Amino acid sequence: MCKALIWIGSILYVAALGIWIISEYGLFGQDSTAFSGIFLVFFGMPWSMMSNIGPESIWPYLTALTPLINILLLVGICKWIRKKG
């Protein structure tokens, strides 16, 4: 069950990151929109709320990396559960 959750979370993160990159940089003729990174914000909660600790110019990139914290926490919790069980 844990591996499935990690895989699903990772796939959704890569998809959200792809949507953000495509929209942010106008790839494939897409218009740049302010809402392109909204999925990254949701996947990175609550850490994405703290992405404003750095300079304003890197906020979008910090927000894009915050879902990795949740994925790493999930991996750690799954390893801990496996050791206990």
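Throughout, read-outs are computed from the coordinates displayed, never taken from laboratory work. This one's a predicted model, so the numbers in the text were calculated from it and none came from an experiment. Because the Cβ atoms are built from the backbone with ideal geometry, glycine has one as well, and the counts that use them run over all protein chains shown.
Summary of values
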quantity: Residues that are under 30 Å from Cys78 (Cβ atoms) and not in a helix (DSSP H, G or I), drawn from the stretch 5-53; calculated: Gly37, Gly44, Met45, Pro46
quantity: Output for the stretch 45-69, where each listed residue is farther than 21 Å from Ser32 by Cβ, out of contact with any helix residue (DSSP H, G or I) (no Cβ under 7 Å at 6 or more places or on another chain) and surrounded by 11 or more Cβ atoms within 10 Å (Cβ to Cβ); calculated: Met45, Met49, Met50, Leu68
quantity: Residue among Gly76, Gly37, Gly54, Gly26 that is more than 19 Å from Ile11 (Cα to Cα) and under 18 Å from the mean Cα position of the chain (by Cα); calculated: Gly54
quantity: When residues of the stretch 35-44 are limited to those that are surrounded by 12 or more Cβ atoms within 10 Å (Cβ to Cβ) and not aliphatic (A, V, I, L, M), the one farthest from Thr63 (Cα to Cα); calculated: Ser36
quantity: Residues of the stretch 27-41 that turn out to be under 27 Å from Cys2 (Cα atoms) and free of Cβ contacts under 8 Å to residues at least 12 places away in the same chain, as a count; calculated: 1
